[in-house]
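The values are calculated or read from the model by the stated rules, or taken from the named source; none is laboratory data. Quick caveat, the model's predicted, so the values are computed rather than measured. Methodologically, a virtual Cβ is constructed for each residue, glycine included, from the backbone with ideal geometry; neighbour enumeration extends over all protein chains shown.
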Amino acid sequence: MATRPRIGIDCRMYSSKFTGIGRYVYELVHHLTKIDTKHDFVLFFNEPEFSEFIPPNEHVIKVNASARHYSLAEQTIFLYKVLKEKLDLMHFTHFNAPILYKKKSVVTIHDLTLSFFPGNKMRSPVYRAAYKIALRSATHNASKIITVSHNTAKDLQKSLEVDAHKIHVIYEGVNENFKPASKKSTSTSTRPPYILYTGVWRSHKNLVSLIKAFQILKDKYKEDVQLVITGREDPHYPEVKRTAAESGYESDIIFTGMLPEKELIDLYAGAHVYTLPSFYEGFGLSPLEAMQSGVPTVVSKTSCLPEICGEENALFFDPYDPSDIAEKLHTACVNDEVRKKLIANGKEHVKKFSWEKMAHETLEVYNFLLKH
């Protein structure tokens, strides 16, 4: 019997929660191990995910990587464990790959946010240097690069002079748990109308401008809505809470903190409007989650967002102009014709994005490399 090809996947960011890269890795593993019957998959986890993960069949093997990102262990212990598995192909699902790994590999680049918006957390010259070295070596060493949008692919070509033929654009999907609110549901009906933002509190997310726009919405348009901001409060960005306190509408700005998945799904479904005011996104999954939830979506006209959302399926604003943000939010709040169009178009548009499709397209990249 012929030996089954062995494919390694870096699962150190694996998470079933609805957050960025962790969700990408979770969905990739979940769907690949369902649709593929020809390969062995070796999955490299950190704790506690290593202990928690139960392989679905005998062709899925888990290994304790014991290596945090940007650590010496990543360049030594993780490298040793990957080499020890004698893989035919390795998929690094983030750019943090061992610099000395020179065998056949794929790397997924989700965005170049830290290149353009390093933020308050990345002030250390050592950290910035480590980031640049890791990103450059990962893209240089990889046999193929997966990006999650054409915009990220373009940024990669421009910033690191990566050959376009080396890049494959594979869109992410939307979890089926996001659904419009049931007319019989009372879980969200008792809340006042609210504009929803979901995500982290990083500088590129532009929460200060969003809060300033909300103030204009209340002052100029007399809009009777609240602003709900999810995500863990980040002490590196005290300006978020400070701007809310100075707005005069602090009681109408709700900071939820981190939420369980069911509460987050309900919060999407009950929103009057969803907004993402980011300066930069690699993919922008949350507007698609809002569209699938049947919510009018208002986002920045920057980076990948016009590409991912589609010009007819969302309202777009200049994220550097709080007045423009406020105007577009006002339109989405009160114009019934616009709201109906955005909801209908959004529900149709989001059907183009599927985690299963993402896994199939990723498997095509694997198979190409295994044959060449």
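Taken together, the residues in segment 315-328 that are out of contact with any Asp or Glu (no Cβ under 8 Å at 6 or more places or on another chain) and part of a helix (DSSP H, G or I) amount to 5. Let me spell it out: the conditions are (1) at pLDDT 95 or above; (2) under 23 Å from the mean Cα position of the chain (by Cα), and L79 meets all of them except one. Which number is the exception? Exception for L79: condition (2).
Every residue, every condition in (1) surrounded by fewer than 24 Cβ atoms within 10 Å (Cβ to Cβ); (2) assigned by TED's automatic domain parsing to the domain that holds K220; (3) of a type in the set (V, I, T), yes or no:
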{"residue": "E261", "(1), (2), (3)": "yes, yes, no"}
{"residue": "Y268", "(1), (2), (3)": "no, yes, no"}
{"residue": "F279", "(1), (2), (3)": "yes, yes, no"}
{"residue": "G294", "(1), (2), (3)": "yes, yes, no"}
{"residue": "T302", "(1), (2), (3)": "yes, yes, yes"}
{"residue": "E312", "(1), (2), (3)": "yes, yes, no"}
{"residue": "F316", "(1), (2), (3)": "yes, yes, no"}
{"residue": "C333", "(1), (2), (3)": "yes, yes, no"}
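On inspection, T275 qualifies as part of a strand (DSSP E or B) and not basic (K, R).
Listed by first and then second residue, the pairs with beta-carbon distance under 7 Å, at least 6 apart or on different chains, first residue in segment 90-112 and without any contact (Cβ under 8 Å) to a residue 24 or more places away in the chain, second of a type outside the set (K, R) and part of a strand (DSSP E or B), are K103/M90.
Residues in segment 1-27 that are assigned to a strand (DSSP E or B) and farther than 13 Å from T108 by Cβ: R6, I7, G8. Just so you know, in segment 3-52 the residues that are at pLDDT 95 or above and among the small types (G, A, S) include one that is surrounded by the fewest Cβ atoms within 10 Å (Cβ to Cβ), and it is S51. Please tell me if E337 is in the same structural domain as K104 (by TED's automatic domain parsing) and free of Cβ contacts under 8 Å to residues at least 60 places away in the same chain. So E337 does not fit the description; no.
Go through the residues of segment 211-218 one by one and say whether even a single one is under 15 Å from Y268 (Cβ atoms) and either of a type outside the set (S, T, N, Q) or in the same structural domain as T302 (by TED's automatic domain parsing) (or both). Among the residues of segment 211-218, not one is under 15 Å from Y268 (Cβ atoms) and either of a type outside the set (S, T, N, Q) or in the same structural domain as T302 (by TED's automatic domain parsing) (or both), which makes the answer no. One residue alone among K262, K241 is assigned to a helix (DSSP H, G or I), modelled with pLDDT under 95, on the phi < 0 side of the Ramachandran plot and charged (D, E, K, R), and that residue is K262.
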